1. Run through region 290-371 and list the trypsin sites (Lys or Arg not before Pro) located in a DSSP loop whose Cβ has at most 13 other Cβ atoms within 10 Å.
2. Taking a cut-off of 13 Å between Cα atoms, list the aspartates and glutamates near K47, but don't count ones fewer than 8 places away on the same chain.
3. Which one is right for this structure if semi-axes √(5λ) of the Cα gyration tensor in Å is calculated from it: (i) 33, 24, 21; (ii) 33, 27, 20; (iii) 37, 25, 25?
4. What are the trypsin sites (Lys or Arg not before Pro) within region 98-148 that DSSP puts in a loop, where the Cβ has at most 16 other Cβ atoms within 10 Å?
5. In the chain, which Cys residues have no partner Cys with a Cβ closer than 4.7 Å?
6. Which longest uninterrupted range of the chain lacks any GluC sites (Glu not before Pro) assigned by DSSP to a loop state (not H, G, I, E or B) and surrounded by at most 14 other Cβ atoms within 10 Å?
7. Working from the pairwise distances between different alpha carbons, so that the mean of 1/r is found and then inverted, what is region 106-188's Kirkwood radius in Å?
8. Please go through the residue pairs K200/K227; K219/K361; K184/K322; K145/K207 and name each one whose alpha carbons sit more than 29 Å apart in this structure.
Amino acid sequence: MRNIFFLALTFIIQFAAIGKDRVPVRGFCISAPVYNKIDQFVEFIDKELAPRKVNTLILRIDYNYRYTSHPELVSLKKRSGDTTQSVALTREEMKKIVRACQKNKITLVPQFNLLGHQSWADELNLLLVRYPQFDETPWVNIPAKYKWPNDDSLYCKSYCPLHPDVHKIVFEVLDEIMEVCETKQFHAGMDEVFYIGEDKCPRCSGKDKSKLFADEVNKIAAHVEAKGGRLWIWGDRMLDSKMTRMGMWEASENDTHRSIDMINKNVVINDWHYVSQAMTPLIFATKGFDVMLCPWNRPDVVKLQVQDYFTFQKSLKPSVAKKYRGFIQTVWTSPESFIDAFYGRGPTPTGRGGNTVEAFKTLFTMLDQGN
């Protein structure tokens, strides 16, 4: 009887610890602002994110910072009225964002897309422009006018994870981003990787695609961990499209899903689903990953995801429930257009029939209510 009492007491204490901070991560993901809107972005952090108790900011930087380690990877676009200065943020401009996050106790997680998303539509990103030898599919040309579907099944280009020189370059960029952001966290993207282990690649041909993907994640994770940090990625490539019935964007149809059993469990998973309240966070949590749910612009979907989040936390055993770490509200328009829409100064971003501003407000209101 005494043993049963202490067992019950232990369970209550464990469950109470979960309930005490049921949403440890209240996050926001958006691209870095343009150089002449830094102050507006900082003001939004102070006046809107902080009061909503946002404690994590994933800032998609990519080529929009003036890297000194690799200036060839700095955005080629020029500032208005200036033919010499890139639109990419300076160190001083970036520090304004860093200081705003520190003041408001917000963890800054810089993102630079690794492996996939090395092109977009009809534009090749700078890594493959400057280092074409890294291209996993050099025989696939970027079209003058992009359309989907296409004969090459081109969505976004990838770099070859087995090229012997690629990691020296991308790790130096990674190091510089983490240093300027004064953070131990790094987001590598790694979503929607359609090109991997291609038969024509002299290094990857015939390789297990799940292992290729897992090895790349683990290599990046090991580099970040050696700096005392932690790697974050989007989780779609680790999900089986056939099993989840989610399609080729939200889950893998190119045999990378088995990587879920090969990837370092210290990697943080951002599980994005925009049109349904997918049960996939349970898959990641059961496998031992910390997972965050990532909605976008459907307030109705946000409501269902929040309800499911709290339901699972109440019903799962503590060792799994504690892996549900919270939410990341994603924004896929520019910070400037989002902020203008938020304050009624511009049109509301409505991609795929949703409303990003209302989804944002809905998420943090529901998290405050605690369901």
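Any read-out appearing in this document is the output of simple, stated calculations on the displayed coordinates, not a laboratory observation. The shown structure was predicted, so the numbers you read here are calculated from the model rather than taken from an experiment. Cβ placement follows ideal geometry from the backbone for every residue including glycine, while neighbour counts extend to all protein chains displayed.
1. Counting only loop positions with at most 13 other Cβ atoms within 10 Å, the trypsin sites (Lys or Arg not before Pro) in region 290-371 are R345.
2. In chain and number order, the partners are D39.
3. The calculated read-out lines up with (ii).
4. Sparse-neighbourhood loop trypsin sites (Lys or Arg not before Pro): K105, K145, K147.
5. C29, C101, C156, C160, C181, C294
6. Excluding the exposed sites themselves, the longest stretch runs over 1-181.
7. 14.0
8. Over 29 Å apart, Cα to Cα: K200/K227; K219/K361; K145/K207.
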